[in-house]
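Right, one structure below, let's go through it.
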Amino acid sequence: MSEVQQHGDGIVALSTERLTPQIQRIGKSEIEFTFLGPNVHGQPTWILWNPDEPHLIGMLSQGRMGYHFEQRTGSGVQRLENISLNRVQRALGG
């Protein structure tokens, strides 16, 4: 498994190599990003996993005005729309 490259400012550079898991450290956690390809709306889509245990963290897609991030929380599903990749990192604890 190769690692996802980061920009100098620490922002994740998402891979678009289909179905190839990439590990990224965000905060104190390592997260596995897997590019699925375009969704039904034609938007690039990734799933995020905990690489240490089989646990789905969320789904990320790239829209016209930003990213859409959906994750399950203790209080239900949280969906963030039209946010920056930096905001996605903060949502993941980074």
### Query
Say we look at region 16-31 and pick out the residues that are hydroxyl-bearing (Ser, Thr, Tyr) and open to solvent by 50 Å² or more (accessible area, probe 1.4 Å); which of these is farthest from Trp49 (Cα to Cα)?
Thr16
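Of Ser61, Ser84, which residue is modelled with pLDDT of 90 or more and in contact with an Asp or Glu (Cβ under 9 Å, 6 or more places away or on another chain)? Step through it out loud before you land on a result.
Numbers: Ser84 fails: in contact with an Asp or Glu (Cβ under 9 Å, 6 or more places away or on another chain).
Only one candidate passes the filter, namely Ser61.
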### Summary
Only unsatisfied item for Phe35, checking (1) under 16 Å from Ser15 (Cα atoms); (2) in a loop (DSSP other than H, G, I, E, B), is (2)
### Residues of region 60-71 classified as out of contact with any helix residue (DSSP H, G or I) (no Cβ under 7 Å at 6 or more places or on another chain) and surrounded by 13 or more Cβ atoms within 10 Å (Cβ to Cβ), total
7
#### Entry: Selected residue (criterion: nearest to the chain's Cα centre (by Cα)) from residues of region 45-59 that are open to solvent by 40 Å² or more (accessible area, probe 1.4 Å) and under 15 Å from Leu14 (Cα atoms)
Met59
### Task
Could you tell me which residue of region 74-93 is nearest to Gln62 (Cα to Cα), considering only residues that are touching a residue at least 24 places away in the same chain (Cβ under 8 Å) and surrounded by 12 or more Cβ atoms within 10 Å (Cβ to Cβ)?
Leu85
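The values are calculated or read from the model by the stated rules, or taken from the named source; none is laboratory data. For clarity, every value in this text was computed on a predicted model and none was experimentally measured. Glycine also receives a Cβ, built like all others from the backbone with ideal geometry; neighbour counts cover every protein chain displayed. Please note that ligands, DNA and RNA were not included when accessible areas were found on the heavy atoms of the full protein model with its side chains. Shrake-Rupley method; radii C 1.70, N 1.55, O 1.52, S 1.80 Å.
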